[in-house]
Each structure stands twice: as structure tokens, then as C-alpha cells.
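To start, the structure itself, in C-alpha cells.
Taken together, the values in this text are just the output of simple stated rules run on the coordinates, not laboratory data. Only a predicted model underlies this, so the values are computations on that prediction, with no experimental measurement involved. Positions of Cβ are generated from backbone atoms using ideal geometry, with glycine treated the same way; all protein chains shown enter the neighbour counts.
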Amino acid sequence: MFLRDFYADIDFCSFISVWFYEEMKHHLVLRKYLERVGEVIEEAELPRLRLSFAEGPAIETLTMHYCGEQRLAHWYTAFSANAPEPVLRQIFKVLAADELRHGAAYAKYLRKAVRNKPEVLPAILRMALWMIRTTNDNPKHPTTITEPSVVSLLEDPHYIRRMLNMYLPGRDHEAPVQRRILALMSELSGTKLSSVRDLLSHIRVVEGTAAAVAV
Ligand SMILES: [Fe+2]
């Protein structure tokens, strides 16, 4: 999907090849862990989880993944703090650090996009707002929001929901995710955005400006 939607951006495609390699390491280490505790995943069953996505606007995909990496790092950090044994805690600690590093790379490409084409800013802010609005029961991540989604194809589609309610109960746990997303949106906008409400008002401002320029 990335190689198709970012066909003309060779630098980004190079990054995506490294990103894919690292995400595969996550898959392999978790699979190896499951095998050690007696859960064998049949490789032949995995292709049914593969999905093809319709072409999407590159800037929104980029923003969605920036936010998704922040959220996944947050989940993995919680799993690493509370997992039932130390090897799993260490695995999730490493995975969380990787996801934050991926997030930092996506942030770099978002900065470059705004520098090259400032008119993409409203689309970035809108997608960030949409991604920030999430719940444990309907968590927003690239693997949950398409129709069908990767998670909806799992044997137990409610597994993530249960994990989140167990490891991150309540509604306010998302504060670190919001803070990191708002920090980048502030930087891209050149305006301090401290809350979701600030983000919403700023979207109205930049959309008003964009409409005025169009007229
Ligand atoms: Fe990642």
C-alpha cells in the first residue's frame, strides 16, 4: 500500500522497507514467544489475514500512521509494565521503543510535507483530530479502522478491546498519546495547541484561511 501510494517518493519508500523489516521482527519475536509457551501459529493460516487497501491520499495515510505508532507505543509500554513475566515485559519494552522511533520517522516526513506544500496542513490536522478521538472499545489504529480490518478477521476480534480494558482501564490513559500528537501538530501549525479543543479551533482557523485563499 505504501509503495503504491508513495510511488514518487523514493526516500519514503526506502524508509518503508526498513519499517516493514522492523515490524516483521515484532511479528517473529512474538510468534517465537507464543511457540515457547505452546501456541503454534500455522503459517498457512496467515494469508487470510492479508488485506488489500483502496488507494488513499498519501498525507492522510502518513498522519494516520504517525498517530497509530504513538498509540501502539503507549499500549506496548503498558503491556511491558504489567505483563505477567519478565521476558514478555522486556519484549514489549523493546517493541514500544521501536514504535516511538517509527513515529519519529513519520513525523520527519510530515514536517517535510508541510515544508514543501503548506496547503496540506488542514488535512493533517483533521486526520490527527479524528485519530485522537478513540476509546478502548473502538480503538483507532491502522489495523482496526478499515472495513474489513485486520483485527476484525482474527479468530477473536474483541481480543484487543479486552487487553486494553485490562492493561489500560479507564478513559484518561491516552494523555501521553494526545500530548505527543498535539506537540507535533503545534510544531507543524506554528501555534501552541495544548488540548483537543485547541486543535479543533485551529482547524477552523486554517480551514477559514484556506477557503479565503481559494476565493
Ligand atoms: Fe511501528
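Once you place label points 7 Å from the Cα toward the Cβ at SER17 and LEU34, how far apart are they in nm?
2.9 nm
Calculate the spin-label point distance for MET166 paired with ALA214, positioning each point 7 Å from the Cα along the beta-carbon direction, and give it in nanometres.
Placing both labels 7 Å along Cα→Cβ, they lie 4.8 nm apart.
Under a GNM of the chain (C-alpha, springs under 10 Å), which listed residue has the highest mean-square fluctuation: PRO148, PRO47, PRO57?
PRO47
Counting GluC sites (Glu not before Pro) as exposed when in a DSSP loop with at most 11 other beta carbons within 10 Å, what is the longest stretch of the chain free of them?
Value returned for the longest uninterrupted segment is 56-154.
I'd like the FRET efficiency for GLU85 and TYR159, computed as 1/(1 + (r/R0)^6) with the beta carbon distance as r and R0 of 30 Å, rounded to 0.05.
0.95
So how tilted is helix 58-82 from the main axis of the chain? Cα-based, degrees 0 to 90, rounded to 10.
That works out to roughly 40 degrees.
Run the dipole for the chain about the Cα centre, Lys and Arg Cβ at +1, Asp and Glu Cβ at -1, nothing else charged, and hand back the magnitude in debye, nearest 20.
Approximately 720 debye in magnitude.
Picking from GLN178, GLY56, TRP19, whose Cα lies most toward the positive end of the charge dipole for the chain (charges on Cβ: Lys, Arg +1; Asp, Glu -1)?
GLN178
Hey, if you put +1 on the Cβ of every Lys and Arg and -1 on every Asp and Glu Cβ in the chain, which of MET166, VAL94, ALA128 ends up farthest toward the positive end of that dipole?
ALA128
Give the calculated FRET efficiency between SER195 and ALA44 to the nearest 0.05, with a Förster radius of 45 Å applied to their Cβ-Cβ distance. Please report the intermediate quantities before stating the final value.
Numbers: r = 48 Å, r/R0 = 1.07.
Given R0 = 45 Å and the Cβ-Cβ separation, E is 0.40.
For the chain, with a Gaussian network of springs between Cα atoms less than 10 Å apart, report the residue from ARG179, ARG71, ARG197 with the top mean-square fluctuation.
Highest fluctuation among the options: ARG197.
Output the 0 to 90 degree angle, nearest 10, between the alpha-carbon long axis of helix 86-116 and the longest principal axis computed from the alpha carbons of the chain.
Around 20 degrees separate the two axes.
Tell me, how many Å apart are the Cα centres for region 104-177 and for region 39-56?
Comparing the Cα centres of region 104-177 and region 39-56, I get a distance of 20 Å.
Mean-square fluctuation check for the chain, GNM, Cα pairs under 10 Å: which of MET127, MET185, MET163 is largest?
It is MET163.
Within the chain, how many Lys pairs sit with Cα atoms under 28 Å apart, leaving out pairs fewer than 8 places apart on the same chain?
Summing the qualifying lysine pairs gives 16.
For the chain, what is the mean residue ellipticity at 222 nm derived from helices alone (per DSSP H run of n ≥ 4: -39500 (n - 2.57); sum divided by total residues; nearest 500 deg cm²/dmol)?
That comes out to -22500 deg cm²/dmol.
Given q = 0.08, 0.09, 0.16 Å⁻¹, what are the Debye log10 I(q)/I(0) values for region 59-214, with equal point scatterers placed on the Cα positions and solvent ignored?
Taking Cα atoms of region 59-214 as identical point scatterers yields -0.25, -0.32, -0.92.
Among TYR106, PRO84, PRO142, whose Cα lies farthest out toward the positive end of the dipole of the chain, if unit charges sit on the beta carbon of Lys, Arg (+1) and Asp, Glu (-1)?
It is TYR106.
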